[in-house]
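The next block holds one structure in the form of structure tokens; read it before the comments.
Every number in this text was worked out from the coordinates using simple rules, so none of it is lab data. In this text the structure is predicted, and so the values were computed from the model without any measurement. Please note: Cβ atoms are built from the backbone with ideal geometry, for glycine as well, and neighbour counts cover all protein chains shown.
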Amino acid sequence: MSILEPREELASIAASLRAYLEWQVDCGSSGIPRRPREARAAAVAVQPTTPGVVTSAPEPTIAEKDDPPAPPLASPSSNVRSPAPPSDVPDSFTPGTLPPIMLAESTMPAPAVRAKPAAPPPVQTAVAPPRPLPVLLSEVSSCTKCGLHETRTNTVFSRGNPEAKLCFVGEAPGADEDAQGLPFVGRAGQLLDKMIKAMGLDPEKDVYVCNIIKCRPPNNRRPEPDEVAMCIPYLHEQIAQVDPKVIVALGNTSVGTLLGTTVGITRVRGTWKLYRGKIPVMPTYHPSYLLRPSPQQSEAKRQAWEDLQAVMKELGLSKPAR
Ligand code: SF4
């Protein structure tokens, strides 16, 4: 290939340009078509340039002027590539618009699993051991935890043997008990002793007798719930210290308090229950009810004796001759 002088090269280019323009006139063109400024700039940007060589791409026709601008040309040799979508990105996501947290997750090592905080140690509920009976007796004798202390003559703690296997629990002291400071010493107490003897037992040596309430309610009324709530801890400690094999609950207040039930005595009597899940309880009528004349009196006495016979059987006592 011969190397032309600059003047000769310029003349050659001019001749080529003239031939091109004459060809355009022959095709019916009335002017020199021009590409939009943006397209020209883009074309220049992607055209490889060779120093000293002017390249000319074929010009589009005039009809192309109303067409939308062509997208930027991508050179096959260009190193600029569209980022490939991450393989784990859902189709609905556009690459580059992923939430930062997702991009971070794909490039960062998985965070260390935080160790679960150790479970707190189980709360140890401190259960105070029951106090000795003399300590309880002393505290009860000066107790003012409820309003009944204002009208009492004496507190009434217990009678009988604290080592006994059988414990009778009544409701509250009456007038005689309040006067003497001992439970079940009035008419009801005398009947209770007869019942105990009928079982072949000694009322002073073989049984332990106490009440839910330690002070007499005025006019022998029923104890109020708040009075029971104040006084019942003494009885719980008493029973824990005596630890009887069987408890006989006498009447509605005793049965309801020891067993936490509102079922009436006529329905619950004669059926074994458990005090605090471990000591068998036999609910039966209160002796004062058995003393009260009524159409049901004889039947109630028969039922009470039936209940005591079940207690004897539970304790392994022989059936006394009647
Ligand atoms: S009834 Fe019980 S709680 Fe109330 S003053 Fe007497 S001993 Fe205390």
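So here's what we get for this one:
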read-out	value
Radius of gyration, Dmax [segment 133-315; alpha carbons; angstrom]	15.1, 45
Linear extension gain, Glu139 paired with Gln180, 0.36 nm per residue minus alpha-carbon span	12.9 nm
Counting DSSP beta bridges with both ends in segment 133-315, the antiparallel % (nearest 5)	30
For peptides 132-145, 227-240, 208-221, sequence by mean Cβ density within 10 Å, most packed first	208-221, 227-240, 132-145
Lys pairs under 16 Å by Cα in segment 133-315, provided they are eight or more residues apart or on distinct chains	16
For Leu315, net neighbour charge (Lys/Arg +1, Asp/Glu -1) across residues whose Cβ lies under 11 Å away	+1
Potential lengthening between Arg302 and Ala240 on full extension [0.36 nm per residue; Cα-Cα distance subtracted]	19.2 nm
Segment 133-315, relative contact order in percent, only Cα pairs under 8 angstrom and at least six apart counted	23
Neighbour net charge for Cys146 - beta-carbon separation under 13 angstrom, K R +1, D E -1	0
At R0 = 41 Å, FRET efficiency that the Cβ-Cβ distance of Thr151 and Leu291 yields, to 0.05	0.95
